[in-house]
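Have a look at the structure below before the remarks.
Laboratory data are not the source of any read-out in this text; all were calculated from the coordinates shown. On a predicted model such as this, the values are computed, not experimentally measured, just so you know. So basically every Cβ, Gly included, is an ideal-geometry build from the backbone, and we count neighbours across all protein chains shown.
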Amino acid sequence: MNEKYMKMAIDEAMKANELDEIPVGCVILKNDKVIACGYNCREKNKNSIDHAEIIAISRACEYLKTWRLDDCIMYVTLEPCMMCMGAIIESRIKNVYYGTKNNIEQMYDIKRVSNKVNLVNINDFRCSKILTDFFKKRRKK
């Protein structure tokens, strides 16, 4: 795990936070080079699938001119949801490092996922703090 790339994902999450979006950010690398970034923008785009991971995967495919993201690594601030995990598997990303666990019960079978993706929780306190602060602020509104 490279601290620099998780920091970049956190920076992406802060872009979402500034837009009053749930602050999740994502970075995709290939050969130690950042090829795509994304952040949550469901509210801004009025599109339920505009999660950070989906946006970053789409941009990575565009950059590489292929849907196969073999040998790519993803850093994301929050454990991927079921939809994003499906996109990760379909795009063939093998290694995903996430900053904090998603408190919503996951609907995918982690044993089946682990056959396709190396999913690593790095427990980065900054990632959980961003989300905690966001939801505290939202509850006060």
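Can you find a residue that is part of a strand (DSSP E or B), within 19 Å of residue 94 (Cα to Cα) and under 10 Å from the mean Cα position of the chain (by Cα) anywhere in the range 3-25? Don't jump to the end; show me each part of the working.
First, the residues of the range 3-25 that are part of a strand (DSSP E or B): 25.
From what's left, within 19 Å of residue 94 (Cα to Cα): 25.
Subset that is under 10 Å from the mean Cα position of the chain (by Cα): 25.
Yes.
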Quick check: is even one residue across the range 115-131 over 17 Å from the mean Cα position of the chain (by Cα) and not charged (D, E, K, R)? yes
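Whether any residue in the range 80-89 is closer than 26 Å to residue 133 by Cβ, in contact (Cβ under 8 Å) with a residue 60 or more places away in the chain and not charged (D, E, K, R) is what I want to check.
Let us first name the residues in the range 80-89 that are closer than 26 Å to residue 133 by Cβ, namely 80-85.
Among the residues that remain, those that are also in contact (Cβ under 8 Å) with a residue 60 or more places away in the chain are: none.
Scanning the range 80-89, I find no residue that is closer than 26 Å to residue 133 by Cβ, in contact (Cβ under 8 Å) with a residue 60 or more places away in the chain and not charged (D, E, K, R), so the answer is no.
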